[in-house]
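Here the structure is laid out as structure tokens; the discussion comes afterwards.
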Amino acid sequence: MSQSYASAGIPLDPVPQDYTPTFTNFTIGDGSIDVARYTGKPGGLVTVEIVVTLGASSSMGTDPQFSLPLTAARVDFAKSGICLLQDSGSAFFPGRVRLISTTFAQLQALLASGTHLSLAQITSTAPFTWTNPDLFEAQITYEAA
């Protein structure tokens, strides 16, 4: 039997639910959303996973963002996730996903500078020039409202 949190409608069972994210500063064009799902967890936590493959008419902008399936309880910069940025299978770049509002998360690249890592903007040319069939994967866990 599946129960849910009344405020957010999050299923307690770990069955992933599909959703359709919207994007800011990224145009999917003829690319594909390969995975877009979320899972409710005890305590009101939501884990979101998306995988997007760019097509010939896809366009990466500066600071790409994707919508969350359920509203976050608060913007908590300590709650961050991970992302993987893939340059057509030839190179992989790690990154971070962070909540920027209660309804959107932002992708960021990790930049190796000196002896420490720092966060860097993703743009149409950073951390590489985005083309078909590059992809990004993202996962973040946050508390639902």
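Calculated FRET efficiency, Ser32 and His116, Cβ-Cβ r, R0 30 Å, to nearest 0.05? With a Förster radius of 30 Å, E is 0.25. Oblate is the label for region 17-143, because a/c, from the alpha-carbon gyration tensor with a ≥ b ≥ c as root eigenvalues, is 1.5 or above and a/b does not exceed b/c.
In region 74-135, how does Rg compare with the Kirkwood Rh, expressed as the Rg/Rh ratio over alpha carbon atoms?
1.01
Quick one: net charge of Asp134's neighbours, Cβ under 15 Å, K/R +1, D/E -1?
Result for the local shell: -4.
A simple rule links phi to the HN-Hα coupling: the Karplus curve 6.51 cos²θ - 1.76 cosθ + 1.60 with θ = phi - 60°, which for region 96-103 gives 10, 10, 9, 6, 10, 7, 7, 10 Hz, with x for Gly and Pro. Each of Thr102, Cys83, Gly55 was scored by the projection of its Cα onto the charge dipole of the chain, and the greatest displacement toward the positive side belongs to Thr102; charges sit on the C-beta of Lys, Arg, Asp and Glu.
Taking amide H atoms as placed 1.01 Å from N in the peptide plane, the amide H of Ile100 lies under 5 Å from those of Ala105, Gln106, each 5 or more residues away in sequence or on another chain.
Taken about its Cα centre, the chain carries a charge dipole of about 380 debye when Lys and Arg each add +1 at the Cβ and Asp and Glu each add -1 at the Cβ. Computed over the chain with a Gaussian network model linking Cα atoms closer than 10 Å, the most mobile of Asp87, Asp30, Asp134 is Asp30.
Every number here is computed from the coordinates shown, using simple stated rules; none is lab data. Just so we're clear, the structure is a prediction, and the values are computed from it rather than from any experiment. Cβ coordinates were reconstructed from backbone atoms using ideal geometry, including for glycine residues, and neighbour counts include every protein chain displayed.
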